[in-house]
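Trainee: Questions regarding the structure given below will be posed in turn.
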Number of protein chains: 2
Amino acid sequence: MTKKLLGSKVVNEIIINSKKECSELKEQGINPQIAVVRVGNNASDISYEKSIMNFMEKADISVKSIVLDENIKEDDFIKSLKEVNEDESINAILVFRPLPAQLDEDKIKYIISPSKDIDCFSPVNMAKLFISDTSGFYPCTPLGVMEMLDYYRINPEGKEVVIVGRSLVVGKPLSMMLLDRHATLTICHSRTKNLKEVCKKADILIVAVGRANMVDKEYIKKDAVVIDVGINFYDGKLTGDVDYESASEVAGMITPVPGGVGSVTTACLVKNVLKACKQKNG
Amino acid sequence: MTKKLLGSKVVNEIIINSKKECSELKEQGINPQIAVVRVGNNASDISYEKSIMNFMEKADISVKSIVLDENIKEDDFIKSLKEVNEDESINAILVFRPLPAQLDEDKIKYIISPSKDIDCFSPVNMAKLFISDTSGFYPCTPLGVMEMLDYYRINPEGKEVVIVGRSLVVGKPLSMMLLDRHATLTICHSRTKNLKEVCKKADILIVAVGRANMVDKEYIKKDAVVIDVGINFYDGKLTGDVDYESASEVAGMITPVPGGVGSVTTACLVKNVLKACKQKNG
């Protein structure tokens, strides 16, 4: 029978460990604090902000919410961001993206302080990820996948790992992280021919394409590990990129949606805040 | 019969096109010039410098050779590098690496001007490579592989491409460049199990591991394209990572060593100098 890999167990462990670390930092007189920078009142930003606040609170990390006018000019936005960069009481910064059209992300990403950029917005952190410099901050969704694998003691070393999807948010960074862990790594995408055959070789199959139920049992090798990174609204409910019912007939282990990788993502932000804090004070 | 993919033809085309571009730039009053920064008199640096000068001369690009004392202090090195960064007459900079031990490459790579860094030393250019921002400079060896494929009209789109080797100089950047060209990409390395089987799936097999004759016909699918990036001295002569005789029994096309990818690499530097020049003046 297929084993269901639950995100909640991973999250619990991250929170327990983070709370302990946070308490140790406070004993040293260090107060971890993240600034979340939101432009306007976009509903999904507000929802994500609430979720971040909830997680940070569980780990005893302070949150400073900075809300800017939705029509803010680029110069004023940059001025605010620089103030947060320089504010010694803040260890970590998250800017909600996408930013409104008048703000050029390709310019702003070079301004956020790389040492506080826990969401891997800065090209410096992208470069560090690429060159395996672990002092950088890795994006939270692929970090969530790695936490999931580690929690369930699934070691990618020497395994055939296939990632479907090559986005900058998941596929590409995850491929670098899995290479660092010595996986034999294949990246597939919309132009891949014989996708089923390629996926079927995988010991670990990771799907991050954003198409509901795209992958079923015909893509999966017997007893393979299946990690579903998709979050889609389909037929009125939340569903992943993997058809869970069908996949669980052949997969050895599989993450559900909801309740799988998605829930681990925000917990990884907590880990990154503490990492920023320790690196600054280390 | 297997087709031998010669680097010389690719180089000729690059030089002819570059010379034409350079002449057009000069007509606009722009004089392309590269600064090569060498610390000490390491024999392999001097040999590479001569090769660069030779190629640049063929394309009518000026070269400024900056030779620094082998015992130069880091502060003085940085001062010299900043002068070159700021020198308006210089469009492109190449620093010979590895630098001597007293110079911290991990610090210096953040100082070289990304817009002149034609050898992809700066993390900004590494990041641009990773995020598919084509305004950056890609490293010359993987560029040479791409030039080779393009010249011989080998389109990686949708093909199964297997790269053996995950170095920062070849394997990793090449994987990103091939993903941008829509290959289904697999990266293998020393921890890969069943390397032969994985390689044998490749429509295009690229070997960059630095082990003489490691790959023979048993790793190669009938009629596959084999690109040998290795340069090894073995048994008194220059040899690649692929056993040419054995491989040519099954491969459809194959690059020799010497005379293959290696010869294209320095020509790609010429292209990068002109790119830097055009971007500055465009």
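The values are calculated or read from the model by the stated rules, or taken from the named source; none is laboratory data. What you are looking at is a predicted structure, and each value in this text was computed from that prediction instead of being measured. Because the Cβ atoms are built from the backbone with ideal geometry, glycine has one as well, and the counts that use them run over all protein chains shown.
Trainee: Taking the options B:Ser113, B:Ser89, name whichever one is assigned to a loop (DSSP other than H, G, I, E, B) and exposed (fewer than 12 other Cβ atoms within 10 Å of the Cβ).
Mentor: Testing whether each residue is assigned to a loop (DSSP other than H, G, I, E, B) and exposed (fewer than 12 other Cβ atoms within 10 Å of the Cβ) leaves just B:Ser89.
Trainee: Do we have B:Leu94 as buried (at least 22 other Cβ atoms within 10 Å of the Cβ) and modelled with pLDDT of 95 or more here?
Mentor: Judged against the criteria, B:Leu94 is a match.
Trainee: Further question: Quick check on the stretch B:165-180: of everything there that is more than 20 Å from A:Cys188 (Cβ to Cβ) and either facing another protein chain (nearest Cβ under 8 Å) or among the β-branched types (Val, Ile, Thr) (or both), which residue is surrounded by the fewest Cβ atoms within 10 Å (Cβ to Cβ)?
Mentor: B:Leu168
Trainee: Same structure, new question: Being in a loop (DSSP other than H, G, I, E, B), surrounded by fewer than 20 Cβ atoms within 10 Å (Cβ to Cβ) and either at pLDDT 95 or above or of a type in the set (Phe, Trp, Tyr) (or both) is the filter here, so list the residues in the stretch B:222-241 that pass it.
Mentor: B:Lys222, B:Asp223
Trainee: Search the stretch A:122-176 for residues being part of a loop (DSSP other than H, G, I, E, B), hydroxyl-bearing (Ser, Thr, Tyr) and farther than 23 Å from A:Asn91 by Cα, and hand back the single one that is modelled with the highest pLDDT. Let's see the steps before the verdict.
Mentor: Within the stretch A:122-176, the subset part of a loop (DSSP other than H, G, I, E, B) is A:122, A:131-139, A:152-159, A:165-170.
Now restrict to residues that are hydroxyl-bearing (Ser, Thr, Tyr): A:122, A:132, A:134-135, A:138, A:152, A:167.
Narrowing the set further to residues that are farther than 23 Å from A:Asn91 by Cα leaves A:152, A:167.
Details: A:Tyr152: 98, A:Ser167: 95.
Filtering first and then ranking leaves A:Tyr152.
Trainee: Related question: Show the residue pairs meeting these rules: Cβ distance below 8 Å; 6+ apart or different chains; first residue within the stretch A:133-151 and in contact (Cβ under 8 Å) with a residue 12 or more places away in the chain and more than 20 Å from A:Asp117 (Cβ to Cβ); second residue crowded, with 22+ Cβ neighbours inside 10 Å and among the polar types (S, T, N, Q).
Mentor: A:Met148/A:Thr255
Trainee: Inspect the stretch B:181-204 for any residue being within 12 Å of chain A (Cβ to nearest Cβ), in contact with a strand residue (DSSP E or B) (Cβ under 7 Å, 6 or more places away or on another chain), crowded, with 19+ Cβ neighbours inside 10 Å and under 25 Å from B:Lys116 (Cα atoms) and give the result as yes or no.
Mentor: No: zero hits.
Trainee: Here's something else I'd like to know. Is it the case that some residue within the stretch A:258-276 is on the phi > 0 side of the Ramachandran plot and at pLDDT 95 or above?
Mentor: First, the residues of the stretch A:258-276 that are on the phi > 0 side of the Ramachandran plot: A:259.
Okay, now just the ones that are also at pLDDT 95 or above, so A:259.
Yes, because at least one residue in the stretch A:258-276 is on the phi > 0 side of the Ramachandran plot and at pLDDT 95 or above.
Trainee: State yes or no: is A:Lys275 in a helix (DSSP H, G or I) and over 16 Å from A:Ile163 (Cα atoms)?
Mentor: Numbers: in a helix (DSSP H, G or I): yes; over 16 Å from A:Ile163 (Cα atoms): yes.
It is true that A:Lys275 is in a helix (DSSP H, G or I) and over 16 Å from A:Ile163 (Cα atoms).
Trainee: I'm told B:Pro123 meets every condition in (1) of a type outside the set (A, V, I, L, M); (2) over 20 Å from B:Ser51 (Cβ atoms); (3) away from chain A (no Cβ under 12 Å); (4) surrounded by 15 or more Cβ atoms within 10 Å (Cβ to Cβ) except one. Can you identify the failing condition by its number?
Mentor: In the conditions (1) of a type outside the set (A, V, I, L, M); (2) over 20 Å from B:Ser51 (Cβ atoms); (3) away from chain A (no Cβ under 12 Å); (4) surrounded by 15 or more Cβ atoms within 10 Å (Cβ to Cβ), B:Pro123 misses (3) alone.
Trainee: Then there is this: Could you count how many residues in the stretch B:137-152 are within 14 Å of chain A (Cβ to nearest Cβ) and surrounded by fewer than 22 Cβ atoms within 10 Å (Cβ to Cβ)?
Mentor: Qualifying residue count, the stretch B:137-152: 0.
Trainee: Residues A:Ser44, A:Ser51, A:Ser8, A:Ser18: which one is in contact (Cβ under 8 Å) with a residue 24 or more places away in the chain, within 23 Å of A:Gly259 (Cβ to Cβ), hydroxyl-bearing (Ser, Thr, Tyr) and exposed (fewer than 13 other Cβ atoms within 10 Å of the Cβ)?
Mentor: A:Ser8
Trainee: Does at least one position in the stretch B:242-250 carry a residue that is surrounded by 16 or more Cβ atoms within 10 Å (Cβ to Cβ), touching a Leu at 6+ places or on another chain (Cβ under 8 Å) and in a helix (DSSP H, G or I)? Spell out how you get there, then give the answer.
Mentor: So in the stretch B:242-250, the residues surrounded by 16 or more Cβ atoms within 10 Å (Cβ to Cβ) come out as B:242-244, B:246-248, B:250.
Keeping just the survivors that are touching a Leu at 6+ places or on another chain (Cβ under 8 Å) gives none.
No, the stretch B:242-250 contains no residue that is surrounded by 16 or more Cβ atoms within 10 Å (Cβ to Cβ), touching a Leu at 6+ places or on another chain (Cβ under 8 Å) and in a helix (DSSP H, G or I).
Trainee: B:Ser23: under 20 Å from B:Pro139 (Cβ atoms), without any contact (Cβ under 8 Å) to a residue 40 or more places away in the chain, among the hydroxyl-bearing types (Ser, Thr, Tyr) and out of contact with any helix residue (DSSP H, G or I) (no Cβ under 6 Å at 6 or more places or on another chain), yes or no?
Mentor: No; evaluated as a whole, the condition is false for this residue.
Trainee: Please verify whether B:Thr255 is touching a Cys at 6+ places or on another chain (Cβ under 7 Å) and either within 14 Å of chain A (Cβ to nearest Cβ) or buried (at least 24 other Cβ atoms within 10 Å of the Cβ) (or both), treating the condition exactly as stated. Walk me through it before giving the result.
Mentor: Numbers: touching a Cys at 6+ places or on another chain (Cβ under 7 Å): no; either within 14 Å of chain A (Cβ to nearest Cβ) or buried (at least 24 other Cβ atoms within 10 Å of the Cβ) (or both): yes.
Judged against the criteria, B:Thr255 is not a match.
Trainee: Given (1) in a helix (DSSP H, G or I); (2) facing chain A (nearest Cβ under 9 Å), identify the lone condition not met by B:Lys82.
Mentor: (2)
Trainee: Which numbered condition trips up B:Glu105, out of (1) over 26 Å from B:Ile231 (Cβ atoms); (2) touching a Lys or Arg at 6+ places or on another chain (Cβ under 9 Å); (3) of a type in the set (D, E, K, R)?
Mentor: For B:Glu105, the failing item is (1).
Trainee: Test B:Val161 against the stated conditions and say whether it is aliphatic (A, V, I, L, M), touching a residue at least 24 places away in the same chain (Cβ under 8 Å) and more than 13 Å from chain A (Cβ to nearest Cβ).
Mentor: For B:Val161, the condition - aliphatic (A, V, I, L, M), touching a residue at least 24 places away in the same chain (Cβ under 8 Å) and more than 13 Å from chain A (Cβ to nearest Cβ) - is not met.
Trainee: Let me ask you something else. B:Ala267 passes all but one of (1) closer than 21 Å to B:Ile227 by Cβ; (2) more than 11 Å from the chain's Cα centre (by Cα); which number fails?
Mentor: So B:Ala267 meets the others, but not (2).
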